1. Would you mind getting me the FRET efficiency between Arg406 and Met310? Use the beta-carbon distance for r and R0 = 35 Å, nearest 0.05.
2. First measure r as the distance between the Cβ atoms of Ala153 and Ala250, then evaluate 1/(1 + (r/R0)^6) with R0 = 51 Å and state the FRET efficiency to the nearest 0.05.
3. Projected onto the charge dipole of the range 410-493 (+1 at Lys/Arg Cβ, -1 at Asp/Glu Cβ, origin at the Cα centre), which of Ala481, Thr491, Gly467 gives the Cα projection farthest towards the positive end?
4. If each of Ala266 and Thr326 carries a label point 7 Å out from its Cα toward its Cβ, how far apart are those two points in nm?
5. Could you size up the charge dipole of the range 213-346 around its Cα centre, putting +1 on the beta carbon of Lys and Arg and -1 on that of Asp and Glu, and report it in debye to the nearest 20?
6. Using alpha carbons only, how many degrees (0 to 90, rounded to 10) separate the axis of helix 469-487 from the longest principal axis of the chain?
7. Please determine, in degrees from 0 to 90 and to the nearest 10, the orientation of helix 379-391 with respect to the longest principal axis defined by the Cα atoms of the chain, where the helix direction is its Cα long axis.
8. Pairing the Cα long axis of helix 16-29 with the longest principal axis of the chain, what angle in degrees results, from 0 to 90 and rounded to the nearest 10?
Amino acid sequence: MPDGLPLIPESAPFDAAERAWLNGWLAAYYGVAQPTAGPAPAEEDFPWHDMSLPLEERLQLAAGRPLEQQLMAAMAQQDCGQCGYLCKTYAAAVSSGAEKSLTRCVPGGKPTARTLKELLETGPAIPVTPVAPAAAPAPPGERAARVMARLEASLPLNREGSLKDTRHTILGLAGTGLTYEVGDALGIQPENDPETVTAIIDCLDADRDMEVDCPDGSRRPLLEALARACDITRPSDEAVEVLASRAPDADESQRLQALAEGYPGAGPADADLLDLLLTFRSARPPVQELISALGALQPRLYSISSSPKMAGEAVHLTVATVRYQTRGRWRGGVASTYLAERVAPGGSVPVFVQPAHDFRLPADDDADIIMIGPGTGVAPFRAFLQERRARGARGRNWLFFGDQRRACDFLYEEELVGFHHDGLLNELELAFSRDQNERIYVQQRMRERARDLWGWIESGARIFVCGAVAMARDVDAALAAIIARQGGLGTGAAKARLAKLASEKRYLRDVY
């Protein structure tokens, strides 16, 4: 190998096959050819395809790569399917020009959209010959047709005194033809808050019944377009530019243009369309021009928290209802408040199943699993445990769960404690951050059980992580530290061992 490339020395505590694999991984990471004597390189080397990495790090890892791969690095790396693609195929479609919209990546939001725009404007870092993706992406919307599920219940999971409103949401699937497996997600096609929609129409002094062409290709009355077809919570940079171009007040026009270009402080933080219209009162573009510039209202995905073997013709979700007050207005999560407040029991909800790619229980029912899921991250693990019970799986199960306070935030307490008492859940580690002066999180509980965790990992256990990106980063760091300390490895070797576990589908994450 070239001089300066780090290699795993023969004295390291790996066997020959592990050492060859790690040297191959390092070669791929540093962008050089592997020796012919080692194992064949992986077909695809996407070191940035890790949702726990910040955008800037992902772009650095893709620097000098073909434009398509740089575009991929700008995605949120979740392969969540909300855009109608995977990260790789969305990038391929954008690179080829087949997909014009740069705002489909819901988890990536504006940072992703702006980076895609910048990359397309600057072009590839090096000349490349376009290569067709391994599997051509299906047109958005065709991969997952919506069906109407029945909202059976939206039950509070938090007790009195909690600062949260988490719901156990049950949707009936009878007659829909939908099926799912544990690990899958359910897509919800929500509607925007009707009061916000009405306020936008009033600001525009528009006719709510006027027909407009929508970002999703449909033609609808304005009221319905804003409610069901347009993303009004995160107005696209193109929509902000339209407002800027139609604001006769020079100061407002300049500030809106700066906002569209991503300059902080140019306008209200986290502004939705109504915020912009209330702040920049001279910006009143023609209605159709504004609607055409808005992004399409994308579905939201929720990890399924039930096994079909236990839930029958129903699917369960664990939904954190997002509400907050800003600038004198109450705001809320589009889908979470839709399910909690705007759909009555018995009402219909447009849904689809988004199959998991790798976030699956092992086929071997004797395999051990370690599940790390604080807060609503417990959702898929409730499904995993139900499934393992129904299958009579003999493998051991270990769950790390945490939230704010045990008295009011222990989601599914009765069920999880019951699983622990009857032996299905062999280990249950809890971390309630606000039950003591010192904040305690799941990663601290992991460190406290480091020796046992290492034993499970060494005996072949699969590790699953579900939850917010920041938590996943902390858990990743904790796992690397545990592997380094317990395995007697350096930091680099420990991270390489963790990367190997991921490549072997033994370290899997569902992160949002």
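1. On the way: r = 26 Å, r/R0 = 0.73.
The formula returns an efficiency of 0.85 here.
2. 0.40
3. Sorting the options by dipole projection puts first Thr491.
4. 1.7
5. Around 540 debye, computed over the range 213-346.
6. Once rounded, one gets 10 degrees.
7. Tilt relative to the chain: about 50 degrees.
8. Between helix and principal axis, roughly 30 degrees.
The values are calculated or read from the model by the stated rules, or taken from the named source; none is laboratory data. All values derive from a computational prediction rather than experimental measurement. As a convention, Cβ positions derive from the backbone with ideal geometry for all residues, glycine included, and neighbour counts pool all protein chains shown. All accessible areas refer to the heavy atoms of the entire protein, side chains included, with ligands and DNA or RNA removed. Shrake-Rupley method; radii C 1.70, N 1.55, O 1.52, S 1.80 Å.
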